[in-house]
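Peer 1: Here it is, the structure in full.
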Amino acid sequence: MIELQHVSKKYLLKKALDDIDVSFPIGKIIGVIGENGSGKSTMLKLIAGLLQPTNGEVLIDEKHADRKISTKVAYMSDIDQFYPFFTVNQLVDFYESQFQDFHREKARDILRLMHIEGDEKIKHLSKGNRGRVKMAVTLARNAPYILLDEPFSGLDPMVRTSIVQGMIQYIDLQSQTLIITTHEINEIEALLDEVIVLRKGKILGQQSTEDIRMEYQISVVDWMKQLYEGRTKYE
Amino acid sequence: MVMEFKPDKPIYQQLIDKVSSEIIRGDRTAGDKLPSVREFAVETGVNANTMQRVYREMEHLGIVETKRGQGTFVTENLERLQELRTEMKQLYIEAFVQDMGKLGFTVDEMVEGLSQYQEERKENDD
């Protein structure tokens, strides 16, 4: 389980996260949603051990999240982070050398599903295909926690669909937990078990998506809008 | 292809309705094998947990049966399938009556309207 206890994160004077208490159950797909600047990416980087909180504690399976947590957590950044001169195959080799839980065969399967050729250079790939490659090497890790930061931003609908299918097919919820930040909720609404709504570094709500549909008869997007407008009280 | 879902009803229920309709229409018949949870999840674009729940609930409702090591099948209990047909009919009638009721129609008017509709269709067929 992932737990954030009284977590705050300040960048100079700006508070990105403000005294957050939240836990992420295992075996689920959880969406962290909210407007730009609400603290979504900061939250993910704290869980990945890439940032340290200003106050409070981030625990993963009861262990403090630091850089070594990358053995348990696979993190996909929202920016392009690969060496452009690598071919796709070289990138797969590189990932295999870095992560013990990396499965070469799984990577190949996902790349095939997404119609990516192994001998292409990263720098020659389209933006959509770079997004697919990034997803393939992340999902090819059998890490217990997989974090995806804005996996759909700037990608066309075809790419989004193939990425969603990759997620459903290659994540094993018996042993893995997936956390996604996004502001394109419609795309993955049917995929999420649970959502956490952030606004200005605070948590506005956390609820199961099926419960939202059952209790309020509205979409997750509308529920979020209501929370933002203060029309639905969350306790 | 990936399914579209309505926002006002849990997805697992919409999926149960979908499979039930397919059975009633005869697209899936008694003893037919359903896809695996994972396959069906990918096909419809939902999460494997949701699909697992769909299978569990359908089994609970007696619409499907899981045979160990073989997969999940549409029940061969024809009586249950007949019941399912009646239940679905009831469900759609209730929804129809409720919608018409909101427009101010009485049940008598609905019945009258339906028989009129049937007459007209018969005439058109001639």
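Peer 1: Is any residue of region B:33-75 close enough, with backbone N under 16 Å, to a label point placed 7 angstrom from the Cα of A:Met214 along the Cα-Cβ axis, and if so, which?
Peer 2: It comes to B:49-58, B:60-61, nothing else.
Peer 1: Next question. For a quick size check, give me the Cα extents of the protein assembly as shown along its three principal axes, largest first, whole Å.
Peer 2: Largest to smallest, the principal-axis extents are 76, 48, 39 Å.
Peer 1: Given Cβ point charges of +1 (Lys, Arg) and -1 (Asp, Glu) and nothing else, what value in debye, to the nearest 20, does the dipole of the protein assembly as shown about its Cα centre take?
Peer 2: On the way: 47 positive and 59 negative charges, 408 e Å.
For the protein assembly as shown, the charge dipole is close to 1960 debye.
Peer 1: Which residues in region B:28-51 have a backbone N closer than 15 Å to a point placed 7 Å from the Cα of B:Met88 along the Cα-to-Cβ line?
Peer 2: B:28-32
Peer 1: Also: Suppose only helical runs count, i.e. DSSP H with n ≥ 4. What mean residue ellipticity at 222 nm does that imply for chain B under -39500 (n - 2.57) per run, divided by all residues and rounded to the nearest 500 deg cm²/dmol? Can you show the working numbers first?
Peer 2: On the way: 5 runs with 80 residues, N = 126.
After summing the helix terms and dividing by the residues of chain B, the value is -21000 deg cm²/dmol.
Peer 1: If you take the C-alpha gyration tensor of region B:79-125, multiply each eigenvalue by 5 and take the square root, what semi-axes do you get, largest first, in whole Å? Numbers along the way, then the final one.
Peer 2: Working: eigenvalues 109, 67, 9 Å².
Semi-axes (√(5λ), whole Å): 23, 18, 7.
Peer 1: Oh, and also: May I ask you to list the GluC sites (Glu not before Pro) in region A:77-126 that are in a DSSP loop and have at most 15 other Cβ atoms within 10 Å of their Cβ?
Peer 2: Values: sites: A:Glu96, A:Glu105, A:Glu117, A:Glu120; in loops: A:Glu117, A:Glu120.
Here the sparse-neighbourhood loop sites are A:Glu117, A:Glu120.
Peer 1: Can I ask one more? Once you sort the root eigenvalues of the Cα gyration tensor of region B:32-126 as a ≥ b ≥ c, which label holds: rounded (a/c under 1.5), prolate (a/b larger than b/c) or oblate (the other case)? Don't jump to the answer; show the numbers that get you there.
Peer 2: Numbers: a/c = 2.74, a/b = 2.26, b/c = 1.21.
Note, shape of region B:32-126 comes out prolate.
Peer 1: While we're on this one: Binning every alpha carbon pair distance of region A:117-218 at 5 Å from zero, what are the percents per bin?
Peer 2: Cα pair-distance distribution for region A:117-218, in percent: 2, 10, 20, 22, 19, 15, 7, 3, 2, 1, 0.
Peer 1: Counting pairs of alpha carbon atoms under 8 Å apart in space and at least six apart in sequence, what relative contact order in percent does chain A give? Mind dumping the intermediate values first?
Peer 2: Details: 430 pairs, mean separation 59.9, N = 235.
Answer for chain A is 25 percent.
We did not get these values from a lab; they are worked out from the coordinates using the rules stated. Please read these numbers as outputs of a predicted model, since none were measured by experiment. Here Cβ is always computed from backbone atoms with ideal geometry, including for glycine, and neighbour counts include all displayed protein chains.
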